[in-house]
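Colleague: Quick one: the structure is below, and I'll ask about it shortly.
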Amino acid sequence: MDLLKILRSFEEFLFEAVSWLVFYPLTLWRIVRGPLAAMDYSDREQSDSEEHRYDDALSPPLFLLATIVLTNLISFALHVPPPPESTELTKVVYASQQNLVLFRSLAFSLIPLVAAVTLLRRQKHRISRETLRAPFYAQCYLAAVCVAFISVGGAIFQRPELPNPVGAAIMIGGTLWFLFVQSRWFARRLNISTVKGVGVAVWAVVRALIYLMAILIPIASL
């Protein structure tokens, strides 16, 4: 009986792992083709049963994690060197791919978290796990594509034999794309102008960076 349970668990794991080969590119295409529509899709899926939720796509946190792992593999394949002036924290982060994935997951998930909290506060909604989940999940879709742009561009930028302007252009283009979509999302959800949405989006990103530095500085000083 225990062996049967193990085999069924392995069957589910194998199917889930292989299905990512189909649903990852489909989810990526859905976000690139219509980022706001993909975020609306994520919101709708929250009301579905847990069994059928995100049945035809990767869930946003999984998609973000898969993107971070994939871009790490690309950096590893390109033999991107660690920063030349390494602190103790940097050495720990770059000691293994697992540490690097965990660090980047923390760093890039702060942006969806701060954006979701910003939305709820401006809507004057109570912040709880239930109210926070939907905007956070939707933001993970957006953050994942931003991760891809910044990571790939950064990998190219750090390789001296590759054209640095191309890497810089990819990073800047990805950041501008993210801020543009983020601004439209805030403008639509808060019923404000796009110009005001830009201000809210930029301030949310700045706050996320401040929170990240507030976490890293005490750790680095240990």
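The values are calculated or read from the model by the stated rules, or taken from the named source; none is laboratory data. Note that this is a predicted model, so its numbers are computed, not measured. Neighbour counts run over all protein chains shown; Cβ positions are idealised from the backbone, glycine included. Surface accessibility is based on the protein's heavy atoms, side chains included, excluding ligands, DNA and RNA. Shrake-Rupley method; radii C 1.70, N 1.55, O 1.52, S 1.80 Å.
Colleague: All but one of (1) modelled with pLDDT of 90 or more; (2) open to solvent by 80 Å² or more (accessible area, probe 1.4 Å); (3) not aromatic (Phe, Trp, Tyr) hold for residue 79; which doesn't?
Modeller: (1)
Colleague: While we're looking at this one, here's another question. Write out, first by first residue and then by second, each pair whose Cβ atoms fall under 7 Å of each other, whose residues are 6+ apart or on separate chains, and whose first residue, in the range 5-25, is part of a helix (DSSP H, G or I) while the second is modelled with pLDDT of 75 or more.
Modeller: Pairs found: 20/58; 20/66; 23/57; 23/58; 24/58; 24/66.
Colleague: Same structure again: Which pairs do you get when a residue that is closer than 14 Å to residue 116 by Cα and open to solvent by less than 100 Å² (accessible area, probe 1.4 Å), found in the range 184-200, comes within reach of a residue that is hydrophobic (A, V, I, L, M, F, W, C) and outside any helix (DSSP H, G or I), reach meaning Cβ atoms under 9 angstrom, with the pair 6+ apart or on two chains?
Modeller: From the range 184-200, the pairs are 186/192; 200/192.
Colleague: Collect the residues in the range 122-163 that are surrounded by fewer than 17 Cβ atoms within 10 Å (Cβ to Cβ), outside any loop (DSSP other than H, G, I, E, B) and among the hydroxyl-bearing types (Ser, Thr, Tyr), keeping them in residue-number order.
Modeller: 131
Colleague: Something else now. Report, by residue number, each residue of the range 49-76 that is modelled with pLDDT under 85 and either at positive phi or open to solvent by 60 Å² or more (accessible area, probe 1.4 Å) (or both).
Modeller: The answer is 50, 51, 52, 73, 74, 76.
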